[in-house]
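See below for the structure under consideration.
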Amino acid sequence: MQTRKSQIFVRDSGFYRVVLSLAIPMTLQNVLQLLLNMMDTVMLGRLGSSSEALISAANFANQPFFVYSLFLFGMVSGMSVLIAQYWGKGDTDAINSITGIALTAAVIVGSIVTIVCYAFTPQVMGLFTKSAEVISLGVKYLRIVLASYVIASMTSILCGVMRSTEQVGIALGSNAVGIITNIALNYCLIFGKFGFPRMEIEGAALATLIAKIVEFLVVLVYVVFFDKRVKLGFRRMFTHNAKKKAMLSDFIRYSLPVIFNETMWGLGITFHSVIIGHIGDAAYAAYTVANIIEKIGLLSAIGFANATQIIIGKEIGAGRSENAYPYAKTMLALSALLGLIMSGVVLLVRVPAVGLFDIADSTKSAAVNIIGVMSVIIFIKSFNTTAIVGAIRGGGDTKTAMIFDFVPMWVFSIPLGAIAAHFLKFPVWWVYACLMSDELIKSTFCLLYIRSKKWIRNVTR
């Protein structure tokens, strides 16, 4: 496909059809995944006077999985760099080998995290809050959802393979089934409807566990019986040969920087929770509510980032590396435009959105102020997400993407946020602004590096 270097947008209708066929289902998948993840928070927030403690407990208890899920996302993202390029090359044997390696790693690590968190559940909860009530509620929740960690790991790996081979509908479908299951069971188990016992936070945890199991079963059935492109087979996945050893080396080489990146980034976000959590339960409840709105605002960016990674990886693997830079420019421009739109939407709906939660007026006011700052950050994050996750990683340069993503956070914004919260005693929305200041640094680095084209690398054998 011929493009002009001076053009910001690629002038090819076929390109945009591919973009839409990937980005829209993945954005919808992210919408459903967000809804699945926020069901507990929304419904627990309707339990009245204890809602703030319940919201804080559920969200603190989800922090270990958040950190682990970022490790998992890093592994899936690193895996996807390889799979997308091998998909462009047409090498399904390599895709099977990489999938087998990723599944093995996910099950092992997921099991270790589950065992450690179960053994030290009270201590884990104590990292985030001093409230005995919140810790007690969080322990009940966490010890139930821990059973879903390995299951969620396998689901993520298989969905990642399907997305990278342009079968994006299965992840969307499994999420849809999962959220329907979670909503129905949340209503029954949290509030004690249709003859079920009123379990409150334990009911929310059990509903989440069952929904994760159902989601995995849907993906597994598709892979075993309906996948006609890659034809994943467990025998092909776990066959040991010389090529498998080479694939293991490649998986480690390109996945480890992403795994380290996402894990450190996740730990950084957890530090955000620790910093704000120690301000007080009301401040953290406001931060939790605001984060839900932020995730909604970034849904299009995540979808476009994943689409960018697949498109660029496939083009490089197919021997069309000259298309990588113009495609990246176009996707970054589209992502920035959508980010600007979502920033405006978030700013307009912040007050009625916060009103959906049954929390104190002072907590609502703090959440609205945080979201006001967030409306600016969403635009910058949209660009950065597509640049780092989509273009730079998709191009095969996972090490530079790692540096750009986590170094500014740990060197600059986390220390600044800690100082703002605990020494300067700034309001929570000011603390949030300090914690997000690294996004400005990232955007500058990304823009310059994308223009250099040094990130375009063929990682296939």
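The values are calculated or read from the model by the stated rules, or taken from the named source; none is laboratory data. These numbers were taken from a predicted model, which means no experiment stands behind them. Note: ideal-geometry Cβ built from the backbone for every residue, glycine included; neighbour counts use all protein chains shown.
Just wondering, is there one or more residues in region 130-142 that are touching a residue at least 12 places away in the same chain (Cβ under 8 Å) and under 30 Å from Ile83 (Cα atoms)?
no
Go through region 234-249 and give me each residue that's part of a helix (DSSP H, G or I) and among the β-branched types (Val, Ile, Thr).
none
Kindly list the number of the only condition in (1) within 22 Å of the chain's Cα centre (by Cα); (2) assigned to a loop (DSSP other than H, G, I, E, B); (3) among the aliphatic types (A, V, I, L, M) that fails for Leu356.
Here Leu356 clears every test but (1).
Here is a list: Val289, Val274. Which entry is in contact with a Phe, Trp or Tyr (Cβ under 7 Å, 6 or more places away or on another chain), within 30 Å of Ala360 (Cβ to Cβ) and surrounded by fewer than 21 Cβ atoms within 10 Å (Cβ to Cβ)? Give the steps one after another, and end with the answer.
Numbers: Val289 fails: surrounded by fewer than 21 Cβ atoms within 10 Å (Cβ to Cβ).
The conditions single out Val274.
How many residues does region 192-233 hold that are among the hydrophobic types (A, V, I, L, M, F, W, C), farther than 12 Å from Ile170 by Cβ and either touching a Gly at 6+ places or on another chain (Cβ under 8 Å) or in a loop (DSSP other than H, G, I, E, B) (or both)?
Of the residues in region 192-233, 5 are among the hydrophobic types (A, V, I, L, M, F, W, C), farther than 12 Å from Ile170 by Cβ and either touching a Gly at 6+ places or on another chain (Cβ under 8 Å) or in a loop (DSSP other than H, G, I, E, B) (or both).
What number of residues within region 414-459 are polar (S, T, N, Q) and under 19 Å from Ser375 (Cβ atoms)?
Qualifying residue count for the region: 2.
Suppose we keep only residues that are surrounded by fewer than 15 Cβ atoms within 10 Å (Cβ to Cβ) and not hydrophobic (A, V, I, L, M, F, W, C) within region 405-434. Which one would you say is farthest from Ala367 (Cα to Cα)?
Among those residues, the one meeting the criterion is Pro415.
With assigned to a helix (DSSP H, G or I) and modelled with pLDDT of 85 or more as the only criterion, which of Phe15, Phe66, Phe73 stands out?
Phe15
Restricting to region 277-334, what's the tally of residues that are β-branched (Val, Ile, Thr) and more than 30 Å from Val134 (Cβ to Cβ)? Spell out the reasoning first.
Of all residues in region 277-334, those β-branched (Val, Ile, Thr) come to 279, 288-289, 292-293, 296, 302, 308, 310-312, 316, 330.
Then drop every residue that is not more than 30 Å from Val134 (Cβ to Cβ), which leaves 308, 310-312, 316, 330.
So the answer is 6.
Being crowded, with 19+ Cβ neighbours inside 10 Å, farther than 30 Å from Val459 by Cα and under 19 Å from the mean Cα position of the chain (by Cα) narrows it down to one residue among Ile378, Ile371; which is it?
Just one listed residue meets the conditions, Ile378.
Of all residues in region 165-174, which are in contact with a helix residue (DSSP H, G or I) (Cβ under 8 Å, 6 or more places away or on another chain), surrounded by fewer than 21 Cβ atoms within 10 Å (Cβ to Cβ) and either part of a loop (DSSP other than H, G, I, E, B) or among the charged types (D, E, K, R) (or both)?
Glu166, the sole residue that qualifies.
Sort through Ile101, Ile83, Ile55 and tell me the only one that's more than 21 Å from the chain's Cα centre (by Cα) and part of a helix (DSSP H, G or I).
When all the criteria are applied, what remains is Ile101.
Matching residues to (1) surrounded by fewer than 20 Cβ atoms within 10 Å (Cβ to Cβ); (2) farther than 30 Å from Tyr86 by Cα; (3) without any contact (Cβ under 8 Å) to a residue 40 or more places away in the chain; (4) more than 24 Å from the chain's Cα centre (by Cα):
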| residue | (1), (2), (3), (4) |
| --- | --- |
| Ala176 | yes, no, no, no |
| Asn182 | no, yes, no, no |
| Phe196 | yes, yes, yes, yes |
| Phe216 | no, no, no, no |
| Leu220 | yes, no, no, no |
| Asp227 | yes, no, no, yes |
| Lys231 | yes, no, no, yes |
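What's the number of the condition Gly396 fails, among (1) out of contact with any Lys or Arg (no Cβ under 9 Å at 6 or more places or on another chain); (2) more than 30 Å from Ala285 (Cα to Cα); (3) outside any helix (DSSP H, G or I)?
That leaves (1) as the condition not met.
Hey, can you tell me all the residues within region 292-313 that are modelled with pLDDT under 85 and either polar (S, T, N, Q) or not in a helix (DSSP H, G or I) (or both)?
Correct list: Ser300 only.
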